[in-house]
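A.B. asks: So that we are looking at the same thing, I have put the structure below in structure tokens.
What follows is calculated from the coordinates using simple rules that are stated; it is not laboratory data. These numbers come from a predicted model, not from an experiment. Methodologically, a virtual Cβ is constructed for each residue, glycine included, from the backbone with ideal geometry; neighbour enumeration extends over all protein chains shown.
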Amino acid sequence: MKIKEKKFTHLKKWDATLASCIRCGYCFEHCPMFKYTNWESDAPRAKIITAFGLLAGQIKPTPGAAKKLFNCFYCKRCEAACSSGVSLTEIFTDAKKDLLAMGLKGPGTTSITHMNCARCLICIGVCPHEARSNQETGIETDPSKCQSCGICVEACPAGAATIENSFGTSREELTKKAESFLASHSSAKAIVFACNWSYYPELQASQLPKSETKDNAYEILVNMCGGRLEAQLLMAPFLNNAWGVLVACCPEGECQHDGNIKAKKMVANLQNTLKTIEIDPERVQLVEIPAGDKALFQAKIDTFVDKMNTLGPIA
Amino acid sequence: MKSVDEPRLREIVGEKNIKSDPSDLYVYGSDASVHHAIPWVIVKPDTTLQVQKIMEYANQALIPVTPRGGGSGMCGQTVPIHGGIILDMKGMNRILEINMPDVYCRVEPGVVDDDLNLALKQYGVFYPPTPASSRIATIGGEIANNASGVRSVKYGATRDAVLGMKVVMPNGKLVNLGARTRVEASGYQLHKLMIGSEGTLGVVVEATLSFVPIPEFRCMGIANFDSLEDAGQAIGSIMSSGAIPSMLELVDSIAIKAVNKTMNLGLKEVAAALIFEADGMVKEAVDYEINKMKLICEKHHGKDLHSSYDPKERAKIFMGRKKLFPALSKYDDNLSSTSLADDMAVPYSKMAQMAGKIHEVAKKNNIIMTAYGHCGSGCMHTKILMDTRRKDQWQSAQKAIGEIYDYVQSVNGTTSAEHGIGLSKAAAFKTEKADSLWLLQTIKKALDPNNILNPGKLMQAPDDWVTATNLRYSVNS
Ligand SMILES: Cc1cc2nc3c(=O)[nH]c(=O)nc-3n(C[C@H](O)[C@H](O)[C@H](O)COP(=O)(O)OP(=O)(O)OC[C@H]3O[C@@H](n4cnc5c(N)ncnc54)[C@H](O)[C@@H]3O)c2cc1C
Ligand code: SF4
Ligand code: SF4
Ligand code: SF4
């Protein structure tokens, strides 16, 4: 059980921290990956256990083990919930550095570039974490820097930048979820796209009884960073008779990817477009919610739904 | 030995609900205890029928099955000491019914405690046993461990809130135990047998639980003490006075120091503090209880007494207790906070001595231990802070634990108040229950003749917990 010091040069410094994680599992709570897959092996505690196992030489650095560490949206909710003050994402980043050196690349939730890349270099400019660079081989992402915010995905005009392991946050999946909610709920009116920081889900993975949920007026869908929202995604619910679409993201200066600024611009543009087709622009709104302020979030949703009730369905 | 018919399991639960990559098996080999052992396969059933089929197969192929909820057990209850199948019950996570007229709810075992309480809140009621780990613990795990928490002093443990349940037995047969009514006097109370059985007798697939109204008023108070003895006597006096606290917590000097050292909370460094709470629908009634407890604390030289109804003030009072875990984890870079000798219960009159004994034993064995707990229900918790890399520290810990449980038994206490036995408390448990071990074994044999459900736990666990499994720490030789 001796630690193999040579290989994990970055991870090594977390030796004591990995032992001081009490494995309580409090970090499960709002991890979007766990919430999506309901597999403990996708939860943050599993990543910490994996990092420990790698460092202690108890598990081999296989693609399976590496995947656990490359799958993370860096929302840091695990850190906020941790009972023992463990810096989880810093540990993941260091583990990723070592795994990369061993030739394990993920990509997990980090972004990749497909063949149809036009080398316009837009993605390099928008990446808030300097993870993308122009190499001889093409546009490369450094997976130890990429924080899976998805801003390059939204910005890439060729659709070449993608996050393949999206854990339910891709445009297609979100569109589908919105569609199925609107179709199956008689009182459905609004879709709320919430960034994972402003969004504080009232429920974890447990499911409420059918009688409790069937007349919900709105559905909250987590899209990770607001910076990855696309106009098509926000407009799609209207095709399924939604009355309105609300976007929630972090207040100015508080987004770790500056994605909220992009989201704001996008929503403003959409509102202008709505005006030109004579739809009340207030049917698409953006609200800023500080991380974890669920009372404010609920209040904003209620106000929005009230507003939709006064506007009624789109004629 | 290590052979399991994966295609057959795949057929039962579907491709999506099975995992066997070594990296997944490794993760599922631990819980919140010091133990680690690797299972052969992880299966996550969606339905009762699937659980039945898995058990039928395992029973016939003689493969160990360990049910698992949130994996927050502190004594290795879900660590698969003999390998086999991990039955991840988190896939069955539906709240089936909230029945207000009949005052019960029905849930699947994978429902998380906090989620259930959020759903119940809309009806103005709550499910009270709630352990501190409620944001991860599942109802199935709470039933299997007979979990309880800070409010159990008033509202009881899981055992008091479960009316009935559906259980898949080791042979795959589904049985309905208990009832949906408040009272039941029909025969052996078999559902109660399942409560606290740590997944060794049957797999809970549905539970019928009672709930109670959320009180209108909550008031919390605190009292500091210059000696543990005074605090201990105050606990005994409060509980024997007929006062009805909804919470009565003890934190010792080491806990207070740890919180101050790591969080800078500036708490007064006294020998002990008692945090007490009363709740109810009528403010005068709550006032009455709080004043009664305050007076008793004063009588036993309690100082700096104050109390508040304000949620923010209450949070402040509770802060020291709440921040205890992170404080212990960060206490010293070279020490880890381990879940060992983690809980016990002693008679009220022995609370103070118990805490004193913990300090004495820790000092003698060169480790750090703190005493805290839900003293209103006689429950005492501790953690062992030690350098987990050093082999000799594990030996010291083992010695300390032996001494602590010897003391617990000498004052007619019991090995576990709420965290259960699993692997790491088995030695003390077996000594305590020496005269009825044969009875436990007979029951186990009758219900699980092939010994496939969570084998090697409770009365079957090895006496030496250090060598029972791999430890989840890196220990230098
Ligand atoms: C930080 C922390 C604080 C804690 N505080 C408390 C506390 O205040 N009070 C308290 O009582 N406990 C506490 N615990 C211990 C633990 O959280 C509880 O015992 C809890 O009930 C375990 O639930 P779980 O879902 O995590 O079960 P697991 O740990 O997954 O399993 C525990 C046992 O239940 C069995 N089991 C699980 N599901 C089923 C099922 N469906 N059918 C049959 N058997 C099943 C397992 O086989 C195992 O033996 C704490 C733990 C931690 C880490
Ligand atoms: S940072 Fe977010 S996505 Fe990553 S492990 Fe923590 S909670 Fe999960
Ligand atoms: S919450 Fe913190 S201490 Fe608990 S398992 Fe997660 S990382 Fe470890
Ligand atoms: S923009 Fe975001 S997702 Fe894209 S490479 Fe940069 S950090 Fe990763």
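A.B. asks: DSSP loop (so not H, G, I, E, B), at most 13 other Cβ within 10 Å: list which GluC sites (Glu not before Pro) in the range A:116-173 pass both filters.
C.D. replies: For GluC sites (Glu not before Pro) across the range A:116-173 that sit outside H, G, I, E and B with at most 13 neighbouring Cβ atoms in 10 Å, the list reads A:130, A:136, A:164.
A.B. asks: When all alpha-carbon pairs of the range B:247-335 are counted, what percent fall beyond 17 Å?
C.D. replies: Of all Cα-Cα pairs in the range B:247-335, 53 percent lie more than 17 Å apart.
A.B. asks: Moving on. How far, in degrees from 0 to 90, does helix B:391-410 lean away from the longest principal axis of the Cα atoms of chain B, to the nearest 10?
C.D. replies: 70
A.B. asks: To check you understand DSSP bridge types, tell me what percent of the beta bridges within chain A (both residues inside) are antiparallel, rounded to 5.
C.D. replies: Given both bridge residues lie in chain A, the antiparallel proportion sits at roughly 30 percent.
A.B. asks: In nm, to one decimal, how far is the residue B:435 label point from the residue B:60 one, both placed 7 Å along Cα→Cβ?
C.D. replies: Placing both labels 7 Å along Cα→Cβ, they lie 4.5 nm apart.
A.B. asks: When the distances between all Cα atoms of the range A:171-311 are binned every 5 Å from zero, what whole-number percent does each bin get?
C.D. replies: Bin by bin from 0 Å, the calculated values are 2, 10, 20, 23, 24, 13, 5, 2, 0.
A.B. asks: Based only on other Cβ atoms within 10 Å, what is the fewest-to-most ordering of B:464, B:448?
C.D. replies: B:464, B:448
A.B. asks: Kindly give the semi-axes, whole Å and largest first, of the ellipsoid equivalent to the range A:88-156, taking each as the square root of 5 times a Cα gyration tensor eigenvalue.
C.D. replies: 21, 14, 9
A.B. asks: In which sequence would A:87, A:41 go, from the one with the fewest C-beta neighbours within 10 Å to the one with the most?
C.D. replies: A:87, A:41
A.B. asks: D for chain B, whole µm²/s, Stokes-Einstein with Kirkwood Rh over alpha-carbon pairs at 25 °C and 0.890 mPa s: what number?
C.D. replies: 106
A.B. asks: Can I ask one more? Rounded to two decimals, what is the ratio between the C-alpha radius of gyration of the range B:376-467 and 2.2 N^0.38 Å?
C.D. replies: For the range B:376-467, the normalised Cα radius of gyration is 1.21.
A.B. asks: Against the longest principal axis of chain B, how steep is helix B:283-299, in degrees 0 to 90 to the nearest 10, with axes from Cα atoms?
C.D. replies: 70
A.B. asks: Using only DSSP helix segments of four residues or longer, with each worth -39500 (n - 2.57), what per-residue ellipticity at 222 nm results for the protein assembly as shown after dividing by its residue count and rounding to 500?
C.D. replies: Calculated mean residue ellipticity at 222 nm is -11000 deg cm²/dmol.
A.B. asks: To check my understanding: the extent here is largest minus smallest coordinate of the Cα atoms along each principal axis. What are those three numbers for chain A, in Å, largest first?
C.D. replies: 69, 48, 32
A.B. asks: Ranked by Cβ crowding within 10 angstrom, fewest neighbours first, how are B:47, B:467 ordered?
C.D. replies: Neighbour counts put them in this order, fewest first: B:467, B:47.
A.B. asks: Related question: Tell me which trypsin sites (Lys or Arg not before Pro) from the range B:1-99 have a DSSP coil assignment and no more than 13 other beta carbons within 10 Å of their own.
C.D. replies: Those that pass, being in a loop and sparsely packed, are B:2.
A.B. asks: Among DSSP beta bridges lying fully in the protein assembly as shown, give the percent that are antiparallel, nearest 5.
C.D. replies: 70
A.B. asks: Can you give the convex hull volume of the alpha carbon atoms of the range B:329-393 per residue, in Å³?
C.D. replies: 77
A.B. asks: Among B:85, B:110, A:57, pick out the residue whose Cα is farthest towards the positive end of the charge dipole of the protein assembly as shown, where Lys and Arg carry +1 and Asp and Glu carry -1 on C-beta, about the Cα centre.
C.D. replies: Positive-most Cα among the choices belongs to A:57.
A.B. asks: While we're looking at this one, here's another question. In degrees, nearest 10, range 0 to 90: what is the angle between the Cα axis of helix B:437-447 and the longest Cα principal axis of chain B?
C.D. replies: Helix B:437-447 sits roughly 40 degrees off the main axis of chain B.
A.B. asks: I've got another one for you. In nm, what is the difference between 0.36 nm times the number of residues separating residue B:193 and residue B:123 and their Cα-Cα distance?
C.D. replies: Length difference between fully extended and current span is 22.2 nm.
A.B. asks: Which one, B:475, B:308, B:256, projects farthest toward the positive side of the charge dipole computed for chain B from Cβ point charges (K/R +1, D/E -1)?
C.D. replies: B:475
A.B. asks: Before anything else, pin down the relative contact order of chain B: Cα pairs under 8 Å, at least 6 apart, normalised by residue count, whole percent.
C.D. replies: 16
A.B. asks: The range B:428-477 to the range B:110-145: how many Å between their Cα centroids?
C.D. replies: So the two Cα centres are separated by 28 Å.
A.B. asks: Sort all Cα-Cα distances of the protein assembly as shown into consecutive 20 angstrom bins from zero, then give the percent of pairs in each bin up to the one containing the longest distance.
C.D. replies: With 20 Å bins starting at 0, P(r) equals 15, 47, 33, 5, 0.
A.B. asks: Going through the range A:211-315, which GluC sites (Glu not before Pro) have at most 12 other Cβ atoms within 10 Å and a DSSP loop state?
C.D. replies: When the GluC sites (Glu not before Pro) of the range A:211-315 are filtered for loop state and at most 12 Cβ neighbours within 10 Å, A:252, A:278 remain.
A.B. asks: Measuring from a point 7 Å past the Cα of residue B:265 along Cα-to-C-beta, which residues in the range B:298-318 have an amide N at less than 11 Å?
C.D. replies: The answer is B:315-318.
A.B. asks: Starting from the eigenvalues of the Cα gyration tensor, five times each then square-rooted, give me the equivalent ellipsoid semi-axes of the range B:95-213, largest first, whole Å.
C.D. replies: With the √(5λ) rule applied to the range B:95-213, the semi-axes are 21, 16, 14 Å.
A.B. asks: Which residues' amide hydrogens lie under 5 Å from the amide hydrogen of residue B:164, considering only partners 5 or more residues apart or on another chain, with H built in the peptide plane?
C.D. replies: For residue B:164, whose amide H was placed from the backbone, the distant partners under 5 Å are B:179, B:208.
A.B. asks: What list of whole percents do you get for P(r) of the range A:11-101, with Cα-Cα distances grouped in 10 Å bins up to the one holding the largest distance?
C.D. replies: 19, 56, 25, 0
A.B. asks: Based on the alpha carbon coordinates of the range A:38-178, what radius of gyration and maximum Cα-Cα distance (Dmax) apply, in Å?
C.D. replies: My reading of the Cα-based Rg and Dmax gives 15.7, 46 Å.
A.B. asks: Okay, moving on. Take residue B:477 and residue B:47, extend 7 Å from each Cα along the Cα→Cβ direction, and tell me the distance between the two endpoints in nm.
C.D. replies: So the label points at residue B:477 and residue B:47 sit 5.1 nm apart.
A.B. asks: Assuming R0 = 51 Å, can you tell me the calculated FRET efficiency for the pair residue B:301 and residue B:463, based on Cβ-Cβ distance, to the nearest 0.05?
C.D. replies: So, using R0 = 51 Å, E works out to roughly 0.75.
A.B. asks: Hey, with R₀ at 30 Å, roughly what FRET efficiency would residue B:333 and residue B:406 work out to, going by the Cβ-Cβ distance, to 0.05?
C.D. replies: The calculated FRET efficiency here is 0.40.
A.B. asks: Considering every residue in B:465-475, what mean count of other chain Cβ atoms within 10 Å of its Cβ is obtained?
C.D. replies: 3
A.B. asks: So what J values fall out for the range B:176-190 if you push phi through Karplus, 6.51 cos²θ - 1.76 cosθ + 1.60 with θ = phi - 60°, rounded to Hz, Gly and Pro as x?
C.D. replies: Per residue, the Karplus-derived 3J(HN,Hα) values read 9, 10, x, 8, 9, 9, 5, 10, 7, 10, 8, x, 4, 7, 5 Hz.
A.B. asks: Something else now. Taking all pairs of distinct Cα atoms, average 1/r, flip it, and tell me the Kirkwood hydrodynamic radius of the range B:280-396 in Å to one decimal place.
C.D. replies: Kirkwood radius, the range B:280-396: 16.7 Å.
A.B. asks: For the range B:376-442, how many pairs of lysine residues have a Cα-Cα distance under 16 Å, where the two are 8 or more positions apart or belong to different chains?
C.D. replies: 5
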